[in-house]
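Structure, as C-alpha cells:
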Amino acid sequence: MAVFTSGQIMCTFCLDFCCTVVKNAEELRASVKLIPSDAELKCPAANCEAKNLSFREFKIGKCCDKAMAKQNKKALDNQEYVSLVHQNLKAAQLVVEKGEGRLKNAEIAAKQAEDYVELEKKNLEWAKKDIERMKGCLKDAYLMAYTKSLRELSISEDEGPACNVCLEGYNKEERHECTLHCGHRSCHKCLTGLPEKICPICRKEFTNEQIIKLF
C-alpha cells in the first residue's frame with residue numbers, strides 16, 4: 001500500500017489510477033512511500049472460499065462470477081463518477097475562460113477610458129489657451145475700435161466740427177450745426193430724426209422747437 005506524507009493511505013491500484021488523471025503524476029509518486037501489507041483479501045462477494053487474493057484479483061473479482069459481477073458494477077459506477085467529474089471540470093474551465101475573457105475586455109475598456117480622460121484633459125488645456133488667445137484678440141479689437149472712434153471724433157482744422165450722432169462734418173445743406181438747451185450740439189438732420197427726443201449726450205428730453213440752428 002501507499003502512504004502519503006500527509007498520513008493518507010491508498011492502495012497501489014488506486015495510486016496508479018490517480019496518476020493517470022492528474023498532471024503532476026511524478027510529484028504524486030515522489031510524495032508516497034510504498035510499504036508491504038499483510039491484509040488477507042477474500043472473495044469480494046463472499047460467495048466462494050477464495051483466500052489470499054492479490055489486490056488486482058480482488059479488484060476485478062477474479063475468484064468467481066458473482067465477485068466479478070459485483071466488482072464490474074462498482075467499476076461502472078466509478079466510471080460514471082469519473083465522467084461526471086470530467087464534465088464538471090470542463091464546465092468549471094469554461095467558466096474560468098469566460099471570466100478571463102470578461103476581465104480582459106474590462107482591462108481594455110479601462111485602458112480606453114484612461115486614454116479618453118487624457119485626451120479630454122488635453123482638449124481642456126487647448127480650450128483654456130484658446131480662451132486666453134480670444135481674450136487678447138478681443139482686447140485688441142476694443143483698442144482698435146476705441147482708437148478709430150477717437151479718430152472719427154477728433155476735430156481737425158480742415159474738416160471742422162462734426163455731429164456727435166452721425167460723426168459727419170456740419171454743412172449748410174442738410175447737416176446744419178444745432179444746439180439744444182443743454183448745450184450739446186448735433187446736426188439738424190439727426191436731432192429731428194431721433195425716434196425719441198432725448199439728447200444723445202446727456203439724455204435730457206427736448207422738442208423740435210428747442211432745436212437751435214447755429215450759423
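Bear in mind these aren't lab numbers, they're just calculated from the coordinates by the rules spelled out. Quantities reported herein were computed from a predicted structural model and do not represent experimental measurements. Virtual Cβ from ideal backbone geometry, glycine too; neighbours counted across all protein chains shown.
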Problem - Loop-located GluC sites (Glu not before Pro) in region 167-205, at most 13 other Cβ atoms within 10 Å (DSSP) - result: Glu173, Glu174, Glu196
Completion exercise
Quick calc, Phe17 & Glu107: beta-carbon distance into FRET formula, R0 45 Å, rounding 0.05, result 0.65
Completion exercise
In order over region 170-186: 3J(HN,Hα) from phi, Karplus 6.51/-1.76/1.60, θ = phi - 60°, whole Hz, x for each Gly or Pro, gives 6, 8, 9, 8, 10, 10, 5, 6, 10, 10, 10, 5, 7, x, 7, 10, 7
Completion exercise
Most exposed first, judged by fewest Cβ atoms within 10 angstrom, Met68, Met134 run Met134, Met68
Practice task
Measure up Lys139/Lys204; Lys172/Lys197; Lys23/Lys70; Lys74/Lys98; Lys51/Lys73; Lys33/Lys70 against 27 Å on the Cα-Cα distance and list the ones that go over.
Solution key: Lys139/Lys204; Lys23/Lys70; Lys74/Lys98; Lys33/Lys70
